[in-house]
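The values are calculated or read from the model by the stated rules, or taken from the named source; none is laboratory data. Bear in mind that the values here come from a model prediction, so they are computed numbers and not experimental data. Glycine gets a Cβ as well: all are built from the backbone with ideal geometry, and neighbour counts include every protein chain shown. Accessible surface is based on the protein model in full, side chains and every heavy atom, while ligands, DNA and RNA are left aside. Shrake-Rupley method; radii C 1.70, N 1.55, O 1.52, S 1.80 Å.
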Amino acid sequence: MKAREVNFDGIVGPTHHYAGLSFGNEASTRHRDQVSNPRLAAKQGLLKMKALADAGFPQAILPPQERPHVALLRQLGFSGSDEQVVEKAAMQSPHLLSAVSSASSMWVANAATVCPSADALDGKVHFTVANLNNKFHRAIEAPTTEAVLRSIFRDEQYFAVHTALPQVAMFGDEGAANHNRFGGEYGEPGVQMFIYGREEGGSSAPGRYPARQTLEASQAVARLNQVCPRQVVFAQQNPAVIDQGVFHNDVIAVSNRQVLFCHQRAFVQQPGLLANLRARVPGFMALEVPENEVSVADAVETYLFNSQLLSREDGSMVLVLPQESREHPGVWRYLNKLLAQDNPISELKVFDLRESMSNGGGPACLRLRVVLSEAEQRGLNPAVLMNDGLFHALENWIDRYYRDKLHQADLADPLLLRESREALDSLTQLLRLGSVYPFQQ
């Protein structure tokens, strides 16, 4: 069995709610204070995973994190029993309780940056956990993310998991959402492109919204992941599109093997960047979407580029899209035009992910791509691999523990804390993860 790309999807957590916590993410802001449906959100993601697994694309699971994060509330001065800590936070700082209850860890494209063994100087698969320090509710994810990755990729013969970069603005790191890899077969050495929004002390940066990824962080991640320096390209995201709501590169571009599907305005000095990639990647093909066919605003509204580009065994590719792309007449017209052209994309798969989309994350946000050789696939925790048994077990688990309605005010409910912990305790047993959550320590 040759090397395969395995998509590790995040499960939406029991406290999924709409609080508009992510400045710069326009969907998150637009849906603030709406009532969410955690059960539906988790099932929408699960159905996507199962459908792709059934279509022959290897699929695995990353669990949600403990929320509300009671230990952090204690660190911030709230005291008493766990229930009292939550109650006090709700009374004194409801926005803070919302932040430590966010289910944002479901967007595992931000969990880490991955380097396949074929690209690493030591021949191991490397993971550098993202610090996500631009947003408080996301910066708190790193310790549990590291624990989960170490539990799944536990064989040190094959895997190396690195702690997140220092939690300072200079090293702002948003993980695989700002990383692309190009090449032929997955198991062959490829070219890795790290996308950054700003450089410390640099003059080119957005003015309206923050640039979350720094050049310094990307350079550090490349070193930690032991990427061969000859196989690295650093490119800057266009500051003007960040100011239009493109908070990560995966909102304006997606790649797979030799193909880059991106907007015409995605990168700084884009023609030169594409020429460099053509020179370095055999068979490189850029599918640039013109502004006059799909505007940046339409791309942000529909998450056209926050899609998954997946390879079939015959070399053709499937573009996995959110329902919003099909519902937009101009975007859907462009996609069907793209499908008729001479390029590897031969199918469009559309999924309803409205609960995630309303909080600012589409198909690409929900998955972390990990290229694994045959031996490496045998070396990971097999309990996280999607199959019929795991699918039905997770369906039953969601039905048992998840609510079908949640508002921000419900976060103070002590029963929600108990339900969430029982759910995660049960899930760690189902996925054979061990004790990865603070409440289990």
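Structure summary
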| item | result |
| --- | --- |
| Arg418/Arg208 FRET efficiency (R0 56 Å; Cβ-Cβ; nearest 0.05) | 0.85 |
| FRET efficiency estimate (nearest 0.05) - Cβ-Cβ, Ser81 to Ser435, R0 25 angstrom | 0.75 |
| Gyration tensor verdict on region 377-441 (Cα atoms; rounded if a/c is under 1.5, prolate if a/b is larger than b/c, oblate otherwise) | oblate |
| Label-point gap, in nm, between Asp388 and Met91 - each point 7 angstrom along Cα→Cβ | 5.4 |
| Potential lengthening between Asn292 and Cys228 on full extension [0.36 nm per residue; Cα-Cα distance subtracted] | 19.2 nm |
| Separation in nanometres of the label points that stand 7 Å from Cα toward Cβ, at Gln219 and Asn276 | 1.4 |
| Euclidean distance between Cα centres, region 192-251 to region 34-74, Å | 27 |
| With every protein chain in place, region 103-230: carbon and sulfur % of accessible area (1.4 Å) | 51 |
| Largest to smallest accessible area among Arg312, Arg138, Arg432 [probe 1.4 Å] | Arg432, Arg312, Arg138 |
| Cα long-axis angle, helix 329-340 against the chain (0 to 90 degrees, to the nearest 10) | 50 |
| Portion, in percent, of the accessible area of region 376-441 that falls on carbon or sulfur, probe 1.4 Å | 47 |
| Per residue accessible area of the chain, 1.4 Å probe, in Å² | 37 |
| Selection from Thr145, His328, Tyr401 lying farthest towards where the dipole of the chain points positive, charges on Cβ | Thr145 |
| Three-way shape call for region 336-418 based on the alpha-carbon gyration tensor, with the a/c threshold at 1.5 | oblate |
| Surface share of carbon and sulfur [accessible, 1.4 angstrom probe, percent] for region 231-372 | 48 |
| Length gained when the stretch Leu339-Leu121 is fully extended (0.36 nm per residue, less Cα-Cα span) | 74.7 nm |
| Matching label, Cα Rg over 2.2 N^0.38 Å computed from the structure shown, candidates (i) 1.19; (ii) 1.00; (iii) 0.92 | (iii) |
| Rounded to whole Hz, the Karplus (6.51, -1.76, 1.60) HN-Hα couplings of region 416-422, x for glycine and proline | 5, 4, 5, 4, 5, 5, 4 |
| Cα gyration tensor shape for region 169-210, rounded if a/c is under 1.5, else prolate or oblate | prolate |
| Nitroxide proxy distance, nm - points 7 Å out along Cα→Cβ at Glu374 and Val168 | 4.8 |
| Total charge dipole magnitude, the chain, about the Cα centre, Cβ charges on Lys, Arg, Asp, Glu only, Debye to nearest 20 | 220 |
| Surface accessible to a 1.4 Å probe, Tyr18 within the full protein complex, Å² | 10 |
